[in-house]
Amino acid sequence: MMFAWLRERRRRAIRDQPFPPVWNDILARNVRQTVWLDDDERDRLRGWVAVFLAEKSFEGCRGMEITDEVRVSIAGQAGLVALGLPGEFFARLQSVLVYPGDYLARKSTALEGGGELEWQEERLGETWSGGSMVLSWPRVLEGGRLRDGPRSVVIHECAHAIDMLDGEADGIPPLAASRPEWVAALDACRVRFDEALDEGRSVAFDDYAAESPGEFFAVASECFFQDPHRLFRFDKTLYGLLEQVWRQDPKARVPLQRGK
Ligand SMILES: [Zn+2]
């Protein structure tokens, strides 16, 4: 365990290094939202990316090669999420595993009367509370280039990583855990979302959010960052609750008519 002051001194030294121009090009290409940041935000994002890359390990799976393009694209999207939370580097996260595509995860469940049922499930990303994030590279690019509507696997998994800082992915990040009124208000948003789905009304984000409170928080957070005006129109209360947790207001910078 490292002393906080020592860690901060090391991080400051990393932030003070010049940011490689080739990394800037990668951010511009694969983290499209960076074009809407102001100078101060862009500086802070670069510093965050440099620290994140120095502190986390990356591992390629199924033949995936880990290049600067891969590392900086992932760190840049994660940095957008953390922009309002200085010093937040997803403390429990140690390694990022990247697949060249969606991947199959083995699932199993115990059967009544003994035995196990096993099956495979296709995934585009996941976060383990033990400290790993798993991502499908094409999905990282889709989200970063805003080509998949409000979806972003990196933002989704970062939301889980924040949520898991205090244990379970229960949809209540530590910043809100001590505020029962926030928890109750988010719960009410979830009930409204489920009702809208039941009634066949259109909703702002993927119905995967209905899976659990943890998934609701993660999917709604994707929309908050990726298509903030859409989320604001859909549910202003939900937008406001996420704004309190993420401590930023993406709709203030993302243009209303977003170019594709
Ligand atoms: Zn999830």
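Tabulated data for the structure shown
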item	result
Solvent-accessible heavy-atom area per residue, rounded to whole Å², over the chain at 1.4 Å	49
Bridge type composition, the stretch 17-252 - antiparallel percent by DSSP, nearest 5	55
Portion, in percent, of the accessible area of the stretch 111-159 that falls on carbon or sulfur, probe 1.4 Å	46
Of the GluC sites (Glu not before Pro) in the stretch 41-127, those whose Cβ has at most 15 other Cβ within 10 Å and which sit in DSSP loop	Glu65, Glu112
Volume per residue that the Cα convex hull of the stretch 1-145 spans, once the total is divided by residue count, Å³	140
Fully extended contour minus Cα-Cα distance, from Thr67 to Leu104, at 0.36 nm per residue	11.0 nm
Cα-based Kirkwood hydrodynamic radius, the chain, one decimal, Å	19.2
Estimated inter-spin distance, Ala210 and Asp166, nm [label 7 Å along Cα→Cβ]	2.8
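The values are calculated or read from the model by the stated rules, or taken from the named source; none is laboratory data. Keep in mind it's a predicted model, so treat the numbers as computed, not measured. Ideal geometry is used to build each Cβ from the backbone, glycine not excepted, and the neighbour counts take in all protein chains shown. Each accessible area value is taken on the protein alone, full model and side chains, heavy atoms only, with ligands, DNA and RNA left out. Shrake-Rupley method; radii C 1.70, N 1.55, O 1.52, S 1.80 Å.
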